[in-house]
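Shown next, in structure tokens, is the structure this report addresses.
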Amino acid sequence: MKKKNYIIHFPLLFCLLFFMIISILSIFSAGDYLSPSLGKLYLKQIFWYSLGFILLFCIIKIGNKRIKKWTWILYLIGNALLLLLLFIAKPINNSKCWFIIPGIGSFQPSEFMKIFLILIVSKIVSDEIKEKKKFTWKQETLLIGKVFFLFLLPTILTFLEPDTGVILLYFIICLSILFISPIRKRWFLISGGIVLCSIILFLYFYFEQQKAFVNLLGTDLFYRIDRLLDWKNGTGLQLENSLTAIGSSGLYGHGFHQTPLYFPEAGTDFIFSVFSSNFGLFGSYILLATLLFFDFTLLEIAKNTQSFIDRAIIVGGTSMLIYQQFQNISMTLGVLPITGITLPFISYGGSSLLSYMILLGIFFNIHNDTKRKRNT
């Protein structure tokens, strides 16, 4: 049996090591403002990164061929875990998003569900493309219906937790994969029109028929929408301190471990504010440039592969990462509302980091497979 030669993508590996250093330094710097019950969070992040690298190399060793065979099983396991959360998980901040594992920490199934959704939607669309050289309207409708069903099941379960930020990521994953498929682009105009009309109707009831809105959808959703729409008029401590810390950091920042103000979510949602306040405009530009290089490198891998399923996996995963980067950084600057979406590879989080490492391992495998095919 011929032994596989593993081709390390050193630019991606360099970016990953850089993100690890930035993450650990920023979380350490945020430590003064974290709850004592969290312990030394930077040590936990070192543990998660160490475990993540082991998981990444295990994924490379396993190979994508086996992973693709498990796609349906992984998707069903992901939904089963989301369902189980609703019955046995303990509420944290009024949400049932995590399983608590004694001695280790929390486990968030929705983070892994994002990866499983990328795999299953890519497989379904790819299988349809193999069967049909040209799509009719009926076939396109059936394909969109299949993808919508795959999207709907975890969306309902995640909404009930509730974790609305992740639902938007599910939507972006499915939309980006469908966008690169052969279906006609007029579907996106039709979908855009439906979404726009739905938003207008939703906002009409929210602003003009508030009693009916509350009776139909409940007070919890009303207050969540109210907080989302009114973020610019709010006087939230997080946003005010974030803008002050970033704005006062100057070219080179206040210095490492010199975060001047308190952030309630310093190690997660507002990690960019901590980093920017420490290292200033110059450090922020370096981080942003590395993120852009990382994203474009992934898209370059997608461009070079001849396999649609591999291209769809990378496009779906990269679209998700780009949105998270844009949303997280924008909300720390007051450009977008605060939604609780973290900065990939930088913010603290065991489940999110491990899920990204799994995804990156799959990306490495796609790069390896493409290189091998070119060399044979």
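Checked against (1) open to solvent by 30 Å² or more (accessible area, probe 1.4 Å); (2) closer than 21 Å to Ile190 by Cα, Leu143 passes all but condition (1).
Counting only helices (runs of 4 or more DSSP H) that sit completely within segment 104-218, those holding 2 or more residues that are at pLDDT 80 or above and of a type in the set (A, V, I, L, M) correspond to 109-131, 137-159, 164-179, 186-208. For first residues located in segment 89-101 and farther than 12 Å from Asp163 by Cα and of a type in the set (A, V, I, L, M), partners that are in a loop (DSSP other than H, G, I, E, B) and open to solvent by 100 Å² or more (accessible area, probe 1.4 Å) and lie 6+ apart or on another chain with Cβ distances below 9 Å form the pairs Ile100/Lys90. Has segment 156-177 got at least one residue that is over 26 Å from Asp127 (Cβ atoms) and among the polar types (S, T, N, Q)? The answer is yes; a qualifying residue exists. In segment 60-97, which residues are open to solvent by less than 80 Å² (accessible area, probe 1.4 Å), assigned to a loop (DSSP other than H, G, I, E, B) and of a type outside the set (A, V, I, L, M)? Across segment 60-97, the qualifying residues are Gly63, Lys96, Cys97. Applying the criterion of being open to solvent by less than 30 Å² (accessible area, probe 1.4 Å) and in a loop (DSSP other than H, G, I, E, B) to the residues of segment 243-265, the residue that is nearest to Gly340 (Cα to Cα) is Phe263. Taken residue by residue, segment 189-211 has no member that is touching a residue at least 12 places away in the same chain (Cβ under 8 Å), buried (at least 16 other Cβ atoms within 10 Å of the Cβ) and among the polar types (S, T, N, Q). Of the listed requirements (1) out of contact with any Pro (no Cβ under 6 Å at 6 or more places or on another chain); (2) surrounded by fewer than 19 Cβ atoms within 10 Å (Cβ to Cβ); (3) of a type outside the set (Phe, Trp, Tyr), Ser276 misses just one: (2). Checking Ala312, Ala302, Ala289 one by one, the residue that is at pLDDT 95 or above, open to solvent by less than 10 Å² (accessible area, probe 1.4 Å) and not basic (Lys, Arg) is Ala312 and no other.
Residue pairs whose Cβ atoms lie under 8 Å apart, separated by 6 or more positions or on different chains, with the first residue in segment 38-67 and under 13 Å from Leu359 (Cβ atoms) and the second outside any helix (DSSP H, G or I) and open to solvent by 80 Å² or more (accessible area, probe 1.4 Å), are Ile60/Tyr6. The number of residues in segment 99-136 being open to solvent by less than 60 Å² (accessible area, probe 1.4 Å) and under 13 Å from Ser181 (Cβ atoms) comes to 11. Here Leu12 clears all of (1) modelled with pLDDT under 90; (2) open to solvent by less than 20 Å² (accessible area, probe 1.4 Å); (3) under 26 Å from Arg311 (Cβ atoms); (4) among the aliphatic types (A, V, I, L, M) except the condition numbered (1). None of Tyr33, Tyr49, Tyr42, Tyr6 is under 25 Å from Ser284 (Cα atoms) and either open to solvent by 70 Å² or more (accessible area, probe 1.4 Å) or at pLDDT 95 or above (or both) except Tyr49. Scanning segment 173-209 for residues that are of a type in the set (S, T, N, Q) and closer than 25 Å to Lys114 by Cα gives Ser176, Ser181, Ser191, Ser198.
The values are calculated or read from the model by the stated rules, or taken from the named source; none is laboratory data. The model shown is predicted, which means the values in this text are computed figures rather than measured ones. Because the Cβ atoms are built from the backbone with ideal geometry, glycine has one as well, and the counts that use them run over all protein chains shown. The accessibility values were calculated without ligands, DNA or RNA, using every heavy atom of the protein model including side chains. Shrake-Rupley method; radii C 1.70, N 1.55, O 1.52, S 1.80 Å.
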